[in-house]
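One structure below.
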Amino acid sequence: MKVSRQLSNKQKVQGQAVPQDVPKNPHGTVTAAIANVPRHQWVGVCGIILFGLLVVGGLSGSSWYMNYKSAATSLELLGFEFMEKVPLYFTKSLEHRLDPIRIHLTQGLKFLHANDADVTKWSGIKMARLYTTTFLLSFFEDNKCCFGIFSNMGLGKEEVASDGGWQQWLDKHKTDFGNDKAIFDRMLVDTDPGNPQITTVTAYANKFTEGNNENPILGTPLHIDTLKKKGTGDQDWGFMSFPHLDGYTPEINPNSGWWRTVHIYDMLPGDFRFTPIFVWTETEPICLKIMGVVPLYKNTAIPNEEEKAKIRAGELDWGPRVGAWVVGFKLWFLSEYLASLELKGGSIFLVERATSIVIA
C-alpha cells in the first residue's frame, strides 16, 4: 500500500521506529510520568508532600523560636546587668560631682584651726565668709546657693540634755536661740529678680556681733567682686529660729534641717553629711534645696580615725560641739548634671530614699 510504504520510508529516514499505539506527549517525559499516575494514588502523594512541608516548616519554626528566646534572654540579662550597673555608675559620678563640697568644708575646718579661730566668737566665724563665698561663686556659677555658719545655739549634747533631748530643746526655744551668745553669718548667691543674667551676693549676718539670745538678721547687699558693702544700707529682717526653721520642711521630712541632722547623727569632729531635702521659700523662685554640713567643735582640730573611735566610745573628750557650718544649693544643680549625661532612650531621676521624693 502507498500509505504503509511512505511511513516505512519516513521511519528509515529518522533512523528509529515509532510505536503506533503510544500517543505523542508535547510536555516532556516528567509531565508524562505524572500524567500517567492513577487517580487513586494522588491522595497519598499529596499527603507525603504536605507532611514534608510541615516537617520543614516545623524545623524552621523551632529554630526561629529558639533563636528568638536565646536573643530575648540575652537582652534581658544584659538589661538587668545594665540596670544594676547604672546606679553604681551614677552614684560614683554624683559623688565625684558633689565631693568638692565635702572637701571644701573639711578643708575649711583645717583653715579655721590653722588660723587659731575661736568659733564661739564673731571674730572666728567671720573667717568663713571670704573662704566659702568665693567657692560658691566658682563652683555653682549661676545656681542659687548659700552658706551659713552658726554658733552657740543648742548644738552641744550637754546643752540639750538639760531639757530632755534635742526635740524638747527645740520645742522650748522656738522664739529664741537658748543662748545670749548666739551668733551667725550667712551668704546667699542668687540672681537679680529684674535681670536673671545678673548674679547677686547678699549677707544675712547677725546684728549683734557679741551675741544675743534673739539676735536679728541684717541683710546687706555686697559687691560680687570685692564682697564689700554696696552702701545701699542694711535691712533688718528680725529674728529667725535657725535651729527650728532653717532647711526644715516637715511635709517632706519631719527630720529635715541641718540642726536636726547634727543631733540625729551625733556628728563628731570632721564628720560630713548631706541634710534631707527641703523647700526653699526665703526668696523667689521657690525650689528644692539640700545642704552639706560639718559640726564645729570648740577644739577645731580634726581627729584621726583612732581618736574619733575613742571619742565615739567616750574614751576621749574632744571638747564641746558649739556650732555648724553648712553649704546649701538648689537641686537644679543636679538636674543640669543629669541632663548633661545625654542618655539614649530615657532619662534618670534622682529620688531621696527616705521620702521617695523625686528631687532631680
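Has the range 193-200 got any residue that is over 15 Å from GLU282 (Cα atoms), open to solvent by less than 80 Å² (accessible area, probe 1.4 Å) and not in a strand (DSSP E or B)? Scanning the range 193-200, I find at least one residue that is over 15 Å from GLU282 (Cα atoms), open to solvent by less than 80 Å² (accessible area, probe 1.4 Å) and not in a strand (DSSP E or B), so the answer is yes. Looking across the range 281-331, the residues that are within 20 Å of PHE111 (Cα to Cα) and part of a loop (DSSP other than H, G, I, E, B) come down to LYS298, ASN299, THR300, ALA301, ILE302, PRO303, ASN304, TRP318, GLY319, PRO320.
All of (1) within 23 Å of LYS121 (Cα to Cα); (2) surrounded by fewer than 18 Cβ atoms within 10 Å (Cβ to Cβ) hold for TYR204 with one exception: (2).
The requirement of being touching a residue at least 40 places away in the same chain (Cβ under 8 Å), within 17 Å of MET240 (Cβ to Cβ) and surrounded by fewer than 19 Cβ atoms within 10 Å (Cβ to Cβ) is fulfilled somewhere in the range 167-175, by at least one residue.
Count of the range 219-235 residues, restricted to those that are open to solvent by less than 40 Å² (accessible area, probe 1.4 Å) and part of a strand (DSSP E or B), is 3.
Which condition from (1) under 27 Å from ASN255 (Cβ atoms); (2) at pLDDT 95 or above is the one that CYS145 breaks? Just one mismatch for CYS145, condition (2). Of all the criteria given as (1) open to solvent by 70 Å² or more (accessible area, probe 1.4 Å); (2) charged (D, E, K, R); (3) under 30 Å from the mean Cα position of the chain (by Cα), the one not satisfied by ASP246 is (1). Taken together, the residues in the range 271-291 that are under 17 Å from ALA324 (Cα atoms) and surrounded by 21 or more Cβ atoms within 10 Å (Cβ to Cβ) amount to 4. Report whether or not ASP271 is at pLDDT 90 or above, part of a loop (DSSP other than H, G, I, E, B) and charged (D, E, K, R). Answer is yes for this residue.
The C-beta contact set for the range 96-108 (first residue in contact (Cβ under 8 Å) with a residue 40 or more places away in the chain and of a type in the set (Lys, Arg), second residue open to solvent by 20 Å² or more (accessible area, probe 1.4 Å) and assigned to a helix (DSSP H, G or I), distance under 7 angstrom, 6+ apart or interchain) comprises ARG97/TYR337.
Restricting to the range 180-192, name every residue that is open to solvent by 40 Å² or more (accessible area, probe 1.4 Å) and either of a type in the set (S, T, N, Q) or closer than 14 Å to ARG129 by Cβ (or both). Of everything in the range 180-192, just one residue is open to solvent by 40 Å² or more (accessible area, probe 1.4 Å) and either of a type in the set (S, T, N, Q) or closer than 14 Å to ARG129 by Cβ (or both), namely THR191.
Considering the range 109-145, and only residues there that are among the hydroxyl-bearing types (Ser, Thr, Tyr), in contact with a strand residue (DSSP E or B) (Cβ under 7 Å, 6 or more places away or on another chain) and in a helix (DSSP H, G or I), the residue that is surrounded by the most Cβ atoms within 10 Å (Cβ to Cβ) turns out to be THR132. In the range 249-268, the qualifying residues are those that are among the β-branched types (Val, Ile, Thr) and part of a loop (DSSP other than H, G, I, E, B), and the one that is surrounded by the most Cβ atoms within 10 Å (Cβ to Cβ) is THR249.
The values are calculated or read from the model by the stated rules, or taken from the named source; none is laboratory data. Computed from a predicted structure; not experimentally measured. Note that each Cβ is placed from the backbone with ideal geometry, even for glycine, and that neighbours are counted across all protein chains shown. Side chains are part of the model used for accessible areas, which takes the heavy atoms of the whole protein and leaves out ligands, DNA and RNA. Shrake-Rupley method; radii C 1.70, N 1.55, O 1.52, S 1.80 Å.
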